[in-house]
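I have placed the structure first, in the form of structure tokens, so that the comments after it can refer back to it.
Here, each number is a calculation from the coordinates, and none is a lab measurement. Owing to the predicted nature of the structure, the values given are computational and were not obtained by experimental measurement. Every residue, glycine among them, receives a Cβ derived from its backbone with ideal geometry; neighbour counts consider all protein chains shown.
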């Protein structure tokens, strides 16, 4: 993790104040013994979902990410990781069960790349997060999924700035759609976000076909030289805290 970002060590007290967001990041460095332990934390449904993944790397990252999700949420909720229970909406977005959510007022969202995972936990806020590694991308994606305004903005950029602008746009859009709970079922080209490197991070507007219900607040994240992320919240957070988690220790 130190090669990617330098965030704080986990706090001794996992309480979270209303309106606050805690962002957690970790890499996937863990031994077979540690992975075996993570596997014991997963539910039967998670084991079934894991087995449906085709590639070993995807199964490994799924197991670690969802075990760490349970470990971290368990600390906030004051329960064992295996007792953290989830429900899913019609688009597959996981949330805490009604009992846990009502008691804790917590929401969460998880994203990961091949190297790093990012978890947002918020109190009394809806939250969505996305993280992506900068790599070559086909320009056809821009034509299919970005709005006219965003396509024009990108057309003014070249080289590394174009690539960063693309991922700024993509992560901000996906963070919003994940916060809405609709994921890529929403129309990405039906709302505009800023994307130029160095510019203000914001949702600029959306139309009736977007699937959006809120004027989401956006924050940009840079997790190292080649990893870009975005955080979407239903209101401006009173504070955002940043923590490292080690998948090796649990």
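Taking the chain as a Gaussian network, Cα atoms linked when under 10 Å apart, which of 92, 229, 181 shows the biggest mean-square fluctuation?
92
Once you compute Rg and the Kirkwood Rh from C-alpha atoms, what is the Rg to Rh ratio for the stretch 20-122?
On the way: Rg = 13.3 Å, Rh = 14.2 Å.
For the stretch 20-122, the value is 0.94.
Using a 7 Å offset from the Cα along the Cα-to-Cβ direction at both residue 43 and residue 139, what is the distance between the two label points in nm, to one decimal?
4.6
Could you grab the relative contact order for the chain? Cα pairs under 8 Å, six or more apart, rounded to a whole percent. Can you show the working numbers first?
Numbers: 467 pairs, mean separation 65.6, N = 250.
With pairs under 8 Å counted, the relative contact order is 26 percent.
Using only alpha carbon positions, build the gyration tensor of the chain, then give the equivalent ellipsoid semi-axes as the square roots of 5 times its eigenvalues, largest first, whole angstrom.
Details: eigenvalues 173, 83, 63 Å².
After diagonalising the Cα gyration tensor, the semi-axes are 29, 20, 18 Å.
Over what distance in Å are the Cα centres of the stretch 80-130 and the stretch 1-69 separated?
12
Taking the simple approach of a point 7 Å from Cα along Cα-to-Cβ for both residue 199 and residue 12, what is their distance in nm?
The two pseudo-label positions are separated by 4.6 nm.
If neighbour count is taken as other Cβ atoms inside 10 Å, put 80, 132, 34 in order from fewest to most.
Working: 80 11, 132 21, 34 17.
Least crowded to most crowded, the residues run 80, 34, 132.
Which ordering of 93, 173, 105 is given by a fewest-first count of other beta-carbon atoms within 10 Å? Could you put the intermediate results ahead of the total?
Working: 93 19, 173 29, 105 13.
Going from sparsest to densest Cβ surroundings: 105, 93, 173.
Under 10 Å, Cα contacts only: if you run a Gaussian network model on the chain, which one of 234, 111, 226 comes out with the highest mean-square fluctuation?
Its mean-square fluctuation being the largest, the pick is 226.
What's the angle, to the nearest 10 degrees (0 to 90), between helix 56-77's Cα axis and the longest principal axis of the chain?
On a 0 to 90 degree scale, this one is about 70.
Given the options 151, 54, 88, which has the most mean-square fluctuation in a GNM of the chain, springs set between C-alpha atoms less than 10 angstrom apart?
54
Using Cα atoms only, what is the angle between the long axis of helix 159-180 and the major principal axis of the chain, expressed in degrees (0 to 90) to the nearest 10?
The angle comes out at about 60 degrees.
For an R0 of 35 angstrom, estimate the FRET efficiency from the Cβ-Cβ distance between residue 60 and residue 208 and round to the nearest 0.05.
Numbers: r = 41 Å, r/R0 = 1.18.
It comes out at approximately 0.25.
Please arrange 162, 170 by how many other C-beta atoms lie within 10 Å of their C-beta, fewest to most. Show your work: numbers first, answer last.
Numbers: 162 18, 170 23.
Going from least to most buried by this count: 162, 170.
Nearest 500 deg cm²/dmol is fine: what mean residue ellipticity at 222 nm does the chain get from its DSSP H runs of n ≥ 4 alone, each adding -39,500 (n - 2.57), divided by its residue count? List each step's numbers first, then the result.
On the way: 7 runs with 83 residues, N = 250.
So the helix-based figure for the chain works out to -10500 deg cm²/dmol.
If you restrict to DSSP beta bridges whose two residues both lie in the chain, what percentage is antiparallel, to the nearest 5? Show your work: numbers first, answer last.
Values: 33 of 40 bridges.
Bridges in the chain are about 80 percent antiparallel.
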